[in-house]
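Here is the structure we will look at.
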């Protein structure tokens, strides 16, 4: 299986990725915990059916020390006892921010207020940016049918 379009081999796609990757570096430098960032990226990627990003971010999280129990339970985070209240708030925000087409009001006031209890304004800004960014990557990879499974941690560093 191969992708419909080679993102790094196409001049326009490569330029676009350069800019959105820069946005990702900005978010990486914030005080939003790295583990939370990976959990959010995994959950949004699962929700969007992006195999490439799910593969990438579960492997990156494991490489950074995340446990297999937590990684295996991201999709069922509501029933899992292994996530902190702050992580649960971030996962809820990620789901609602990803499923905006499914809900007329988008992100609920309750989900926002819950996230705001756990994260300061800069961390909330990082969460919003992260959710938007991972959704961009997900959509690109789903549209071109980017194959999943071969990613190695650090491959794009």
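Quick notes on this one:
- Residues in the stretch 114-124 that are assigned to a helix (DSSP H, G or I) and touching a helix residue (DSSP H, G or I) at 6+ places or on another chain (Cβ under 9 Å): 7 in all.
Table: residues versus (1) crowded, with 18+ Cβ neighbours inside 10 Å; (2) touching a helix residue (DSSP H, G or I) at 6+ places or on another chain (Cβ under 8 Å); (3) not in a helix (DSSP H, G or I).
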| position | (1), (2), (3) |
| --- | --- |
| 42 | yes, yes, no |
| 46 | yes, yes, no |
| 58 | yes, yes, no |
| 75 | no, yes, no |
| 81 | no, no, yes |
| 86 | no, yes, no |
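- Listed by first and then second residue, the pairs linking a residue in the stretch 81-105 that is on the phi > 0 side of the Ramachandran plot to a residue that is surrounded by 19 or more Cβ atoms within 10 Å (Cβ to Cβ) and outside any helix (DSSP H, G or I), with Cβ atoms under 6 Å apart and 6 or more places separating them unless they lie on different chains, form an empty list.
The rows are residues; the columns are (1) over 18 Å from residue 86 (Cβ atoms); (2) surrounded by fewer than 11 Cβ atoms within 10 Å (Cβ to Cβ).
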residue	(1), (2)
106	yes, no
112	no, no
130	no, no
137	yes, no
141	yes, no
148	yes, no
155	yes, yes
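- Hey, residue 13 closer than 26 Å to residue 153 by Cα, touching a helix residue (DSSP H, G or I) at 6+ places or on another chain (Cβ under 9 Å), assigned to a helix (DSSP H, G or I) and modelled with pLDDT of 95 or more or not: yes
The values are calculated or read from the model by the stated rules, or taken from the named source; none is laboratory data. Predicted, not measured: the structure shown is a model, and the values here were computed from it. Please note: Cβ atoms are built from the backbone with ideal geometry, for glycine as well, and neighbour counts cover all protein chains shown.
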